[in-house]
């Protein structure tokens, strides 16, 4: 219960910071919209390819080398989009936590200024993700467990990479080294806090699932549609807010880990319990 209480306290403090700059919530929205465009384009290319090769056998269509290249490139672009807007969120959070008043323009502008570090990092982390996914798809149950553990370890080690790139203006490799160094030189409950944010999201999504279930159980088409739409909208809002909260937490944690002092707005937050120095 102590871990969950700690996470809830951090979430509340992060929200109190985010409330001062709610326009930063546009970052996850813009990221989603940009990603949706890429996905639609890929689906369109896939449809066109399947249509033009309709006279070929199924095996040929499934292993079309050109489409494999398209899928890999699309994954890279999606990775760049995700990392870029995460960087913009971190930039906005950093500006607020250091006494500034960020805007969407200032946050995106700073992310663009760090594009030389963010894009290479997006390519690196996307490549690692694709490799782990390929291994998981070809592995047995034990292999899947191992790859999941490797994926979790990678996420923990790289958790502070984007803040390092954005705040200290370093490259992707140096940002990764700093993130790993902070993990190696400190210990605490940062992992528990991250899991806690995930649990918080799960708890917040439960009402949407209940409402959707009740409306679907009614058997009325109109109510079913309303329930599904309302649930989807609620889940989208939860995801947007949690993404922004996570970026605020990332930024605050990086500032605390590198300076030893809680940033503005986190003076009363239990950061010392989240990332305790050895």
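The values are calculated or read from the model by the stated rules, or taken from the named source; none is laboratory data. Since the model is a prediction, treat every value here as computed from it, not as a measurement. Positions of Cβ are backbone-derived with ideal geometry, glycine not excepted, and every protein chain shown enters the neighbour counts.
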Seminar exercise, completed: Counting only residues in region 253-270 that are closer than 15 Å to residue 8 by Cα and modelled with pLDDT under 75, the one surrounded by the fewest Cβ atoms within 10 Å (Cβ to Cβ) is identified as 268
For this session: Test residue 31 against the stated conditions and say whether it is outside any loop (DSSP other than H, G, I, E, B), touching a helix residue (DSSP H, G or I) at 6+ places or on another chain (Cβ under 9 Å) and at pLDDT 90 or above.
Result: yes
Exercise. Where residues in region 10-28 are buried (at least 21 other Cβ atoms within 10 Å of the Cβ) and at pLDDT 90 or above, which of them is farthest from residue 95 (Cα to Cα)?
Worked result: 28
Exercise. If you check residue 90 against the conditions, is it in contact with a helix residue (DSSP H, G or I) (Cβ under 7 Å, 6 or more places away or on another chain), assigned to a helix (DSSP H, G or I) and either modelled with pLDDT of 90 or more or closer than 17 Å to residue 122 by Cβ (or both)?
Worked result: yes
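So how many residues does region 95-121 have that are in a helix (DSSP H, G or I) and surrounded by fewer than 24 Cβ atoms within 10 Å (Cβ to Cβ)? Walk me through it before giving the result.
Step one: filter region 95-121 for residues in a helix (DSSP H, G or I), giving 95-97, 104-113, 115-121.
From what's left, surrounded by fewer than 24 Cβ atoms within 10 Å (Cβ to Cβ): 95-97, 104-106, 108-110, 112-113, 115-116, 119-120.
So the count comes out to 15.
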Exercise. Somewhere in region 180-193, is a residue at pLDDT below 80 and at positive phi?
Worked result: yes
